[in-house]
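Following: one structure in structure tokens, then a few remarks.
The values are calculated or read from the model by the stated rules, or taken from the named source; none is laboratory data. On a predicted model such as this, the values are computed, not experimentally measured, just so you know. Note that each Cβ is placed from the backbone with ideal geometry, even for glycine, and that neighbours are counted across all protein chains shown. For accessibility, only protein heavy atoms count, side chains too; no ligands or nucleic acids. Shrake-Rupley method; radii C 1.70, N 1.55, O 1.52, S 1.80 Å.
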Amino acid sequence: MAELSQNELKAITAHPVRKGLETFRTTFASRYLRSKNADVTEVVDRLTSGVSDRGEKDVILDFVLALLAQPAARTIRSRIGNGPLSGDIASFYARLSAGQEKAKHVAPLLKLVVTLKSGIAPQNSDVDIWTAVFDLIARTRPLQLPQPTTPPPSHPSFTSSFQQTPWSFNTGSFADAYASEHRKQVDDVLREELLPTLRIDVPDFIPAVFGPYPRLDKLAENVFDRCQEEDTPLYTKGSGWNGWPPSADEDLVLEWLQDLMTRFMAWTNDVHAAASRQIYKGPSTYLDGSPIKRKMDVGIMGRHGNKDDEVDKKTRPKSNWAQILVIGELKSNSIEDGPEPAWLDLATYAREVSRTQDRRFVLGFTLCGSRMRLWHFDRSGSSGSSSFDINRDGFKFVHVMLGYHLMDDKQLGLDPTIQQSDGQRYVEITRDNQIERLILTKEIKKQAVIVGRATTCWRAYCDKDQSKEPLLVKDSWQYVERPEEGELIKEATDKGVRNVARYYHHETVQVDGKNDDTIENVRRGLMKTCSRTRFKQRSFNEPDASVSEPPGKSVAGRSQSQSQSHSLSRKRSSSAAQIAPPASLKRSCSSFESRNSGSPVHNRVHRRVITRDPGKPIYNASSPVALITGLIGAIKGHESSLNAGILHRDISIGNIMLTENEDDGFLIDYDLAIQTSSDRASGAPGKTGTKVFMAIGALLGEHHSPMHDLESFFWVKLWICFHWNGPGQERRKVKEFEDWNTKPIKELAKLKMGLVSKRIFDTVEDSFTPYCKRLFPCLRELHEVIFPGGTPWSKEDRPLYSRIVAVLEKARMDLDRLQCLVDMDIPTTGYKEPREAVSMAGTKVFMAIGALLGEPHSFMHDRESFFWVLFWICIHYDGLDDQGKVKRRSVRKYEKWNYADVEELADLKKGLIVEEDGFDKTIAGFAPGCKSLIACVQELRKYIFPNGKRWLGENKELYSQVKAVLDKASRSM
């Protein structure tokens, strides 16, 4: 038996369980222990011995669910995982429901619960129960996850077997970034994204980064000489920079740096650079342009149009990440020159700059105490120079800071192929041996990521096209080994694939006449020499390995920086004081190779794909009907692609589009698609995806199948229902589901496995937005089709396409019938109930009286609902105006139906139909445009509510009776 810890005992005491299980125990006793001679052991053994009777199996499942619902289960920590014990119970429930566990494991615990007597001390009985629960979890094997390299033998594949490229995830993998991003989550994922490719102490870093500005050496030499020749020298060999704050206090350093750069720029005589660049000081100011509130200490930015000292602070526009050219981070002590916090803070800024600008790379620096390190971030990773002391190596400091101020936008990392003229942004492509200029009218997608594909999409048109046919321009950074997306889309278009983006052109982006890749063109040989993969602080007494002097200058003896002996200021991290400076660093290539434990830095190439018919994202749908239309079209596109030998493999909310008029949907983004005839992996080191939409099997490493993609459509729709508040509304944040973005993939697979079990899935409606509650019936049917029996698919099933589309078509038809009412702009003048209450009611106003009272649903309820739909239309619909638009009127008496509770609404409806005279007076108040329907409604009432009463039994003849009444009314109009 498991022994409980003190923390577990406290949790059990704080959350008693006996009352929570009393209902189950009473129900069980009344069903199985009514006889005085009933033997509990015999009954439980029979129930748990592998019975096939569904009802008796449900008793065991109900028991496990009762345990899962206990508050203590959510408080006691798991002994086999990182979450609460409820996660283990949910996992066991899912396996039991799927037939993967034997019910006999539950027998000891079930016997204990049903035999507890009310006289037993509650605390003692609770201890016994939870001890038995721990024993149950320990006895039953947790979910076994298959190895990625071994495909399940029970899954015959539509596609040929091939060696699968492993999945990887980064900060661009978040679902619906603006709704899902939280600072802590982003920082944790960003660390994992960058650390494997981090390289520091890169030799020749400065020549590689600043080499493109040939005048820099001479300018830096002149400025540095001037610093030493002033009447009161700014720099003195041996003591460093005059005015440098010994405490390295953040505010003092910023003031010192701004004053110094003002002088430097004046001495260069570069009027344009001096007018267009400035030091950014913002340690206490949030920068605009990001869903995450972030402050950046220091950087270099473009001016607002006037010099900083000439702009009143109250009228100066707030700074935006889109203005930042070079990023920087200040720390008060050199000991903080490490992976955290300085480097990670800087990396978060690089991500924000990449989010808001068209970037090939981002440059930055950290200044920890008086030690400076330079940084380069691109789509393959991050690299840093050796650190140097600005007081010991004043010339290098001048050289670097002038370089940051004087280099042009291209040299600082902005994409030169995205140009601007006469207020229009454009790119140029070579198509059919002709140069075409594509005008970029709107950015519609930008992936917030540093290392990865960094996909950006714009709406565009060709400037020579008089019709301005809309196009979609997509830029991304792909592994060089991966097949070109443009080739796959071209193949799909040539083969007549339906409901996918149509091909226009594709090419590899050229910069300086070369293919734009990260290793050769962006880094310019930056990583061809040895470097390190881990931070390791030098001894303070060790000479700087990278001290430089102006050409022709000798190195004079220098003292170590004065700032290093000072304590940390207010920005010092709590962990910094515990870090002892390690031994000195040797930098030979052989020693580097022996220490290098990082991942290889893989080359990425900049590709551009242009397609026709850009459409709009599915989450911009104007209604639930449009949303479902988009899903139907995308599923048809997926099947059509598969028929053409192309498997998509990346179904997500961002890859499902609607046509502009919302009459169809289609798929985009074939970055990760493969030809099904391929018998080998691409050779790319990984593929990134949005894991919250990935199928359970894909998360577990199964070889990718069309069935995984079909399951992903289910997760997309579910995610929308959790977050979508309706057209034009800000999407809701739900922490429970935002955490899916950062869950380890195996843990996320377990969560999804538990969620799709039938009894748990029936509760997910509670998490839907009020606007999306009307979509739950459709989700429930999809769940039954995609997860038969509440479990993931066990074999591939090609007809599943048509079954899913049939469910969605039915839902679209049902919603379309009610769209004019559910989405009706019902005036609420003088009525102070919250507007969202209309959405919360969903179709409550159309529900049958018995359904409102909780009766088991019958087809008779649906027939009655048709009556209430027609009644509601007649109250509100008042014909068409001169422009052909529907006229609707406000009738407060019936608007209140939206807000009444179900029992009150049932009473209102019963009172309405009980007396014929009263009913006739009511319908006399129909809207003028519906007066002609009064006779029809009267006759329907006689059939649906005979003698003014609700129907008592099912009447299949009612179908033909109602249809006859409606046909008669139709002929008479």
### Query
In the set Glu939, Glu915, Glu903, which member is among the charged types (D, E, K, R), touching a helix residue (DSSP H, G or I) at 6+ places or on another chain (Cβ under 9 Å) and within 22 Å of Leu966 (Cα to Cα)?
Glu939
### Query
Across the stretch 708-745, what is the total count of residues that are at pLDDT 85 or above and assigned to a helix (DSSP H, G or I)?
16
### Task
Find all pairs meeting these conditions: Cβ atoms under 6 angstrom apart; at least six residues apart or on different chains; first residue within the stretch 949-973 and open to solvent by less than 100 Å² (accessible area, probe 1.4 Å); second residue at pLDDT 75 or above and not in a loop (DSSP other than H, G, I, E, B).
Arg950/Ile849; Trp951/Met860; Leu958/Arg863; Gln961/Tyr943; Val965/Glu939; Val965/Leu940; Ala969/Cys936
### Query
Quick one: what pairs do we get from the stretch 793-813, first residue in the same structural domain as Ser757 (by the TED database) and over 15 Å from Leu775 (Cβ atoms), second outside any helix (DSSP H, G or I) and at pLDDT 85 or above, C-beta under 8 Å, 6+ apart or different chains?
Trp793/Phe787; Glu796/Ser705
#### Entry: Single residue of the stretch 767-790 satisfying the filter (more than 25 Å from the chain's Cα centre (by Cα) and in contact (Cβ under 8 Å) with a residue 40 or more places away in the chain) that is most open to solvent (accessible area, probe 1.4 Å)
Gly789
### Query
Which one of Glu255, Glu193, Glu221 is buried (at least 20 other Cβ atoms within 10 Å of the Cβ), in a helix (DSSP H, G or I) and among the acidic types (Asp, Glu)?
Glu193
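Find the residue count for the stretch 483-494, including only residues that are open to solvent by 20 Å² or more (accessible area, probe 1.4 Å) and of a type outside the set (S, T, N, Q). Write out each step before concluding.
Step one: list which residues in the stretch 483-494 are open to solvent by 20 Å² or more (accessible area, probe 1.4 Å), which gives 483-484, 487, 490-491, 493-494.
Imposing the further condition that a residue be of a type outside the set (S, T, N, Q) reduces the set to 483-484, 487, 490-491, 494.
Residues meeting the conditions: 6.
Results for (1) farther than 30 Å from Glu192 by Cα; (2) in contact (Cβ under 8 Å) with a residue 60 or more places away in the chain; (3) in a loop (DSSP other than H, G, I, E, B), shown as yes or no for each residue.
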position	(1), (2), (3)
Glu428	yes, no, no
Ile439	yes, no, no
Arg453	no, yes, yes
Lys464	yes, no, yes
Lys490	yes, no, no
#### Entry: Output for the stretch 695-706, where each listed residue is open to solvent by 10 Å² or more (accessible area, probe 1.4 Å) and either of a type in the set (A, V, I, L, M, F, W, C) or not assigned by the TED database to the domain that holds Ser802 (or both)
Leu700
### Message
Here's a check for you: in the stretch 441-451, which residue that is touching a residue at least 40 places away in the same chain (Cβ under 8 Å) and β-branched (Val, Ile, Thr) is nearest to Arg608 (Cα to Cα)?
### Response
Ile444
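Matching residues to (1) free of Cβ contacts under 8 Å to residues at least 40 places away in the same chain; (2) within 18 Å of Lys490 (Cα to Cα); (3) assigned to a helix (DSSP H, G or I); (4) open to solvent by 10 Å² or more (accessible area, probe 1.4 Å):
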position: Arg608; (1), (2), (3), (4): no, yes, no, no
position: Tyr619; (1), (2), (3), (4): no, no, yes, yes
position: Ser622; (1), (2), (3), (4): no, no, no, yes
position: Leu627; (1), (2), (3), (4): no, no, yes, no
position: Gly633; (1), (2), (3), (4): no, no, yes, no
position: His638; (1), (2), (3), (4): no, yes, yes, no
position: Leu642; (1), (2), (3), (4): no, yes, yes, yes
### Query
Do we find a residue being modelled with pLDDT under 90, buried (at least 24 other Cβ atoms within 10 Å of the Cβ) and in a strand (DSSP E or B) anywhere in the stretch 672-694?
yes
### Task
List every residue pair whose Cβ atoms sit under 8 Å apart, with the two residues 6 or more apart in sequence or on different chains, where the first one lies in the stretch 751-766 and is aromatic (Phe, Trp, Tyr) and the second, anywhere, is part of a helix (DSSP H, G or I).
Phe761/Leu755; Phe761/Arg780; Phe761/His783; Phe761/Gly790
### Message
Against the definition (more than 16 Å from Arg379 (Cα to Cα) and of a type outside the set (S, T, N, Q)), how does Glu436 come out, yes or no?
### Response
yes
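Just give me the residues in the stretch 500-528 being in a strand (DSSP E or B), open to solvent by less than 70 Å² (accessible area, probe 1.4 Å) and of a type outside the set (Ser, Thr, Tyr), in sequence order.
Passing the criteria: Val500, His505, His506, Glu507, Val511, Asp517.
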### Options Val497, Val473, Val480: the member that is open to solvent by 40 Å² or more (accessible area, probe 1.4 Å), in contact (Cβ under 8 Å) with a residue 40 or more places away in the chain, within 23 Å of Asn655 (Cα to Cα) and not assigned by the TED database to the domain that holds Met657
Val480
### Members of the stretch 226-250 found to be surrounded by fewer than 15 Cβ atoms within 10 Å (Cβ to Cβ) and part of a helix (DSSP H, G or I), listed by number
Gln228, Glu229
### Query
Within the set of pairs 6+ apart or on separate chains, which have a first residue in the stretch 216-234 that is in the same structural domain as Leu257 (by the TED database) and more than 11 Å from Leu402 (Cα to Cα), a second that is open to solvent by less than 20 Å² (accessible area, probe 1.4 Å) and assigned to a helix (DSSP H, G or I), and C-beta atoms under 6 Å apart?
Leu234/Cys227
### Message
Out of the residues in the stretch 61-80 meeting the condition of being outside any helix (DSSP H, G or I) and open to solvent by less than 40 Å² (accessible area, probe 1.4 Å), tell me which one is modelled with the highest pLDDT.
### Response
Ile76
